[in-house]
Each structure stands twice: as structure tokens, then as C-alpha cells.
Amino acid sequence: MLGVVPLEEAKRQAYDAGLDLVEISPEARPPVCKIMDFGKFKYEQSKKEKANKAKSKSSEMKEVRLGRSMKIDPHDVDIRIAQARRFLIEGHRVQIIQNFRGREMAFRSRGDDRMDDIIQRLADLAKVEVPPRLNGRRMGMILVPEKQKIELYKRKMLAEGKPVLPTIPEQLEEFEHDDDDDDHDGESGSET
């Protein structure tokens with residue numbers, strides 16, 4: 001802090017120090033200036049802006065398409081749900097799209113049922129932001145991750161010694177085990 005110094009004297013001091021004379025507040029009388037390395041200042045400022053952008057980055061929207069028509073195998077639907085689950089764990093919003101072709105439009109209720117099933121299967125991680133709705137021949141909905149549910153899920157996976165972000169084949173094995181449990185309940189009552 002030098003106080004009030006004539007402009008030529010301030011320029012000379014900055015030149016002697018190998019730095020720049022930067023006007024900080026031009027509206028003040030006399031104007032406030034600072035002797036600094038302006039290039040370094042601009043570099044640090046850009047680093048701060050990049051860090052702020054990274055922190056404030058909104059979640060990305062991921063799209064999961066359920067095939068070209070309603071004629072998609074249940075196993076393929078499981079794969080799409082596993083992809084959506086992975087995106088939700090990573091913190092992304094997920095848009096689920098179901099296309100209808102030809103006369104499939106007459107069976108819109110099947111599309112509603114499929115969307116309801118997906119909502120139920122992803123309820124442990126997400127909530128519905130935009131409910132399923134038909135737009136032409138495409139039915140779509142948007143799911144958003146719920147932070148508390150995802151943190152709970154991650155803690156549960158760590159406690160069980162499983163990876164927090166399971167691969168799709170690992171998730172499919174869990175789906176198959178869930179299906180096996182359902183099949184055994186039905187079979188045990190029919191045995192003689």
C-alpha cells in the first residue's frame with residue numbers, strides 16, 4: 001500500500017518490479033491501481049471460473065429407448081432398466097422413450113403398463129418428474145434421481161461388499177434372481 005502516487009511514478013515502480021500497473025477501481029477519485037502480474041491474475045481467475053462451472057454443472061439428461069416398437073423382449077427391457085439405473089446412480093436425469101409402430105397404437109395401455117413397471121422398478125433410486133405421456137407415436141417420461149435414496153443405496157451396496165456402480169450383467173443377474181423367486185412361489189402351490 002503506497003498511498004497517492006503520481007501516474008508516472010506508479011508506472012516506474014511497476015516496471016522496476018517487473019509487474020503490471022492495473023486499474024482496479026476507475027470510478028474512484030483518485031483511481032485505485034494495483035501493481036501485480038496481470039497474466040497470472042487472469043489465469044487464476046479463469047481457473048476459479050472453471051471450478052465454479054464444474055461445481056454448478058446441472059445433471060445431464062440421458063435417454064433410454066425401449067426398442068423401435070412394443071415388440072421388445074423382456075430381457076431387453078431389463079437391459080434398458082439396468083442402463084437407466086446406472087445413469088440415475090451417476091446423478092443424471094433419465095428420459096425413457098417407448099415407440100409405437102403401426103397398429104400398436106390401439107394397445108396404448110400396454111405402453112402405460114410397461115412405463116408403470118419401469119417406475120416401480122426404479123422407485124428405489126428415482127422419482128417421476130414428467131409422468132408418461134404420448135406425443136404422436138412416442139410415449140415418454142422423465143425420471144430424476146433422489147439424492148437421499150441414492151446415498152442409502154450406495155451405503156447398502158458398500159455394506160454388502162458389492163460395487164456401488166454395478167455393471168449391467170451384474171444387475172441382470174439380480175433381476176433373474178428376483179424372477180426366480182416369483183416362479184418358485186407359483187410352482188410350490190402346484191406341486192402334488
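One residue stands out among those in segment 16-38 that are exposed (fewer than 10 other Cβ atoms within 10 Å of the Cβ) and at pLDDT 90 or above: the one that is nearest to the chain's Cα centre (by Cα), which is GLY18.
Being acidic (Asp, Glu), outside the structural domain of LEU134 (by TED's automatic domain parsing) and outside any strand (DSSP E or B) narrows it down to one of GLU23, GLU27, GLU104, so name that one.
Going through GLU23, GLU27, GLU104 in turn, just one is acidic (Asp, Glu), outside the structural domain of LEU134 (by TED's automatic domain parsing) and outside any strand (DSSP E or B): GLU27.
Applying the condition of being crowded, with 19+ Cβ neighbours inside 10 Å and among the hydrophobic types (A, V, I, L, M, F, W, C) to segment 80-92 and asking which residue is nearest to ALA106 (Cα to Cα) yields ILE81. crowded, with 19+ Cβ neighbours inside 10 Å and among the β-branched types (Val, Ile, Thr): does that describe ILE96? Answer is yes for this residue. Looking at (1) of a type outside the set (A, V, I, L, M, F, W, C); (2) surrounded by 10 or more Cβ atoms within 10 Å (Cβ to Cβ); (3) at negative phi, which is the only condition SER109 fails? Of (1) of a type outside the set (A, V, I, L, M, F, W, C); (2) surrounded by 10 or more Cβ atoms within 10 Å (Cβ to Cβ); (3) at negative phi, only one is false for SER109: (2).
When restricted to residues that are of a type outside the set (Lys, Arg) and touching a strand residue (DSSP E or B) at 6+ places or on another chain (Cβ under 7 Å), segment 6-20 contains 6.
Look through ILE142, ILE168 and report the one residue that is modelled with pLDDT of 90 or more, surrounded by 13 or more Cβ atoms within 10 Å (Cβ to Cβ) and of a type in the set (Val, Ile, Thr).
Working: ILE168 fails: modelled with pLDDT of 90 or more.
ILE142 is the lone residue from the list that is modelled with pLDDT of 90 or more, surrounded by 13 or more Cβ atoms within 10 Å (Cβ to Cβ) and of a type in the set (Val, Ile, Thr).
When you scan segment 55-65, do you find a residue that is in a helix (DSSP H, G or I), under 16 Å from the mean Cα position of the chain (by Cα) and at pLDDT below 90, even just one? The answer is yes; a qualifying residue exists.
The values are calculated or read from the model by the stated rules, or taken from the named source; none is laboratory data. Remember, it's a predicted structure, so these values are computed and weren't measured experimentally. As a convention, Cβ positions derive from the backbone with ideal geometry for all residues, glycine included, and neighbour counts pool all protein chains shown.
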